[in-house]
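One structure below.
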Amino acid sequence: MSLTEKIKTSMNFLLGRQTARDATVITMLLTIASRVLGYIRVLLVAYFFGASAFVDAYYVVFGAINFITGTIQGTVESAVVPKLMQNEKETARDLFGWVMRTLFIGGIIVSAILIIFPEEFIKIFASTFDNERITYAASMVKWILPGSFALLGIGIFSLWANYNGRFSVSNTVLVFSNIIGIPTLLILYPVMKNYALPAFQSIVFVILFFCMWYVIKDVPLFPKKPVSKELLSKTGEDALLCLVSSGAGFLYTIVDRYFASSLPVGNVSAISYAQLIFSQPIGLMGAAMSIYLVKASQIANAKEESENQIFTALYMAWSYFFPAAILLSVLSGPIVKILLGYGAFDVTAVSLTTPCLAVTALGLPILICLTIMGRYAQALGRLRLLAVWSYIGIIGNFFLDWMFVKPYGAPGLCAATTVMWTVSTIFFMFMLAPKILWKLCRAVFLQTIIVVAWAVPLYFLSSAATLLALSAGAIVGAAHMIICELTGIFSPIPMGWRPMAIIKIIGIKTK
């Protein structure tokens, strides 16, 4: 087989149809590769811009605009994907085409409003910002908009790809974001200085949007036939419920930003940098969550099969992400120093970011489990429950932020979020699958004790030399996985999803 044929075969494998397991493995490998380059990009941002007033403003604008686009994508995914799976292909195609046409019109309207009223928009999310940061933020809106809506387009196209079983397409395309982004930032920074930060991301995502459009050639941009009023009515009802839930998320974000923006300069940046590091492991699960929604929607009416599936998903999430969370938390100091502590990211920035990461990291497995439960509720059609609890969560988050911000500052806000994620996860498990809740608690108890046991000495070791502490963490994490595999703790996880690759490399036979 020639080199050209090998490349073509590899691309067909990456961009074509896959099984859920193959797709998840592929996307995880692609995401790991992307995360390595992503670290270089984040390091450059920290090196050039540090934790300044401009960076505070940037993260507020970026988060605010991407909150809107993320809400749109989440609403479409939650309301439309189950309908695609539950209807014949032609009907699904017309429904998706109707959605695309509606989104195009809505995107133009939203963009116009944000460009005309940038300061008013920013003040919704950061009303306590000083004038300098408000001015910076308002001027950045037009720079960030193209990239945010391009990223939304990529996300919407990926929903159609997932429907057709092409689960790894978006990850294959997005893996190039940092390959393009790093040289773009290096080229723009000498010319544009601070504004290179919002500009380079827009350039990258616009390019990748057209690449995604080229790859997903069969995506319907408009309906060929009118969609039935009954289907539109049901889809619209579900979309409204999802939007109501997202509206709660809008208020949730405003509450968090209100308290965060009241803190001294650099704290918003510190929280954002901590979230960037925190989000790296979560990125590995992004595609898996979309795959889970598709699969859960297919068996939503089979109660026993559906409950077995969600138990396995939650057990896997805790088994893999709880140890990762503890490592990230107890080694937060060395991690921040070695990842970001260069150039403009000085000692003060490191000291601000470290406790934020330590606290935020503890919520890693909780957020994964909460996301799984949210997908499960969507597959079951329990959108009203999601909407109602979202607004209850706002009240809880407000009081937690209010209680924690004064005595604990930025880490307190991170703690408030983690506590609220925990309460929400337990609530949804109790409401949707109470038998699973107690079964899961019993199943993960032993491995949780094991993690706590090695976390304590590792915490005291974290104050040692940076490389020594990180090396010890890597060894402990690998040893934990091997021990759990050899002792049968991972036996509830399907064989194909267990960390067999590590075991095979060192030549140990498992049970």
Report Rg (one decimal) and Dmax (nearest whole number) for the range 100-194, counting Cα atoms only, units Å. 16.9, 49
Counting only heavy atoms of the protein chains, get the accessible area per residue of the range 172-281 (1.4 Å probe) and round it to a whole Å² value. 47 Å²
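Please compute the length gained on full extension between LEU467 and PHE176, using 0.36 nm multiplied by the number of residues separating them and subtracting their Cα-Cα distance.
Stretched out fully, the LEU467 to PHE176 stretch lengthens by 101.8 nm.
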So for the pair ILE40, THR102, with labels modelled 7 Å out along Cα→Cβ, what separation do we get in nm? 4.2 nm
Ranked order, CYS441, CYS414 - accessible area, probe 1.4 Å, largest first: CYS441, CYS414
By the scheme Lys and Arg +1, Asp and Glu -1, what is the net charge of all other residues having a beta-carbon under 13 Å from that of SER272? -1
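Using DSSP to define loop residues, name the chymotrypsin sites (Phe, Trp or Tyr not before Pro) in the range 175-250 whose beta-carbon has at most 16 other beta-carbon atoms within 10 Å.
Values: sites: PHE176, TYR195, PHE200, PHE205, PHE209, PHE210, TRP213, TYR214, PHE250; in loops: PHE176.
Of the chymotrypsin sites (Phe, Trp or Tyr not before Pro), the ones in loops of the range 175-250 whose Cβ has at most 16 other Cβ atoms within 10 Å are PHE176.
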Solvent-accessible area per residue, Å², over the range 395-441 with all protein chains present [probe radius 1.4 Å]: 52 Å²
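What translational diffusion coefficient, in µm²/s and rounded to a whole number, does the Stokes-Einstein relation yield for the range 195-241 at 37 °C and a viscosity of 0.692 mPa s, taking the hydrodynamic radius as the Kirkwood radius over Cα pairs? Working shown, then result.
Details: Rh = 14.0 Å.
Estimated via Stokes-Einstein, D reaches 234 µm²/s.
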Let a ≥ b ≥ c be the square roots of the eigenvalues of the Cα gyration tensor of the range 33-76; is it rounded (a/c under 1.5), or, if not, prolate (a/b larger than b/c) or oblate? oblate
Order 59-71, 457-469, 319-331, 84-96 from most to least packed using the mean count of other Cβ atoms within 10 Å. 319-331, 59-71, 84-96, 457-469
May I ask you to give the percent of accessible area on the range 338-469 that is carbon plus sulfur, with a probe radius of 1.4 Å? 77 percent
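Mind ranking 307-316, 343-352, 106-115, 267-276 by how tightly packed they are, going by the mean number of other C-beta atoms within 10 angstrom, highest first? Each step should come with its number before you reach the end.
On the way: 307-316: 18.9, 343-352: 16.4, 106-115: 13.6, 267-276: 24.5.
In descending order of packing, they fall as 267-276, 307-316, 343-352, 106-115.
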In nanometres, the difference between 0.36 nm per residue of separation and the alpha-carbon distance of LEU446 and PHE222 is 75.4 nm
Two pseudo-spin positions, 7 Å from Cα along C-beta at PHE430 and at ASP130, lie apart in nanometres by 4.5 nm
Rough spin-label spacing in nm, given labels placed 7 Å along Cα→Cβ, for ILE109 and ARG382: 3.3 nm
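Work out, step by step, the length gained on full extension between CYS211 and LEU240: first 0.36 nm times the residue separation, then minus their alpha carbon distance; give nm to one decimal.
Numbers: separation 29, 0.36 × 29 = 10.44 nm, distance 3.13 nm.
Contour length minus Cα-Cα distance gives 7.3 nm.
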Hey, any idea what % of the range 97-155's accessible area is carbon plus sulfur with a 1.4 Å probe? 72 percent
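The values are calculated or read from the model by the stated rules, or taken from the named source; none is laboratory data. Note that the structure is predicted; figures quoted are calculated from it, not measured. FYI the Cβ positions are ideal-geometry reconstructions off the backbone, even for glycines, and counts take in every protein chain you see. These accessible areas exclude ligands, DNA and RNA; they are computed on the full protein's heavy atoms, side chains included. Shrake-Rupley method; radii C 1.70, N 1.55, O 1.52, S 1.80 Å.
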